[in-house]
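What follows draws every value from the coordinates through simple rules; no lab data is involved. Given the structure is predicted, the values throughout are model-derived calculations rather than measurements. No Cβ is skipped: glycine too gets one built from the backbone with ideal geometry, and neighbour counts run over all protein chains shown.
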Amino acid sequence: MSPIRSRRRRWLLYVAPMVLVGLVVALVFFEPWKLVVDDVVDEALPTVSSTAPTTPATARAGTPAPAPPTTEAATVLAEGSLISHEHETSGTVRVLRLGDGSRVLRLEDLDTSNGPDLKVWVTDAPVIEGRDGWFVFDDGEYVDLGDLRGNRGSQNYPLPAEVDLAELSSVSIWCARFRVSFGAAELTPVAA
């Protein structure tokens, strides 16, 4: 075997495993299949059911049956429209108060790109259009409401009681892996 062929073979034995490891790391880190796969979620508008309590008088034979459960409508406290940042993003964000007093952040008709490690954040950062707004959401205060369940559709996220909407007045679809906003909305209070 010639010395040139021997060097090429040795070079391939060292480089091929490094290229393979690099490819595996890139696949795990970037998750490129998410560019072509959509996660669609269509959660119903949250409601709270209440049932009339059963008393001894209503439990006796021959008395009327208890009233059927009623559903209380949610009240919109704040809302905003998503704007695009790193990825084309659209949809509506609403903060709802349910009949039991709990609050929910609802993403409606969300349409954005899928990506690795996407989160829903409520933040104190201003919503800035263009590239200047991509990176501001982790600079101040924020509350992570959890993983984005789907890049398309409508979905609900419980809003902790300690979240003050006067202080945390914007929402970001945040890519924690690359520390960039896919899209964001400024929450505007709705007059009662």
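Listed peptides 96-107, 78-89 appear in the order 78-89, 96-107 once ranked by packing, highest mean of other Cβ atoms within 10 Å at the front. Subtracting the Cα-Cα distance of ALA16 and PHE178 from 0.36 nm times their residue separation leaves 55.5 nm of extension gain.
Sparse packing (at most 12 other Cβ atoms within 10 Å of the Cβ) combined with a DSSP loop state is found for the following trypsin sites (Lys or Arg not before Pro) in the stretch 149-188: ARG179.
For the peptides 115-124, 130-139, the ranking by mean Cβ contacts within 10 Å, running from highest to lowest, is 115-124, 130-139.
Close amide H contacts of LEU187 (hydrogens built in the peptide plane, cut-off under 5 Å, sequence separation of 5 or more or a different chain): SER170, VAL171. Each pair of Cα atoms in the stretch 139-192 enters the Kirkwood radius, and Stokes-Einstein at 25 °C and 0.890 mPa s then converts it into a translational diffusion coefficient of 191 µm²/s. Using only side-chain charges placed at the Cβ, +1 for Lys and Arg and -1 for Asp and Glu, the dipole size of the stretch 97-185 relative to its Cα centre rounds to 360 debye.
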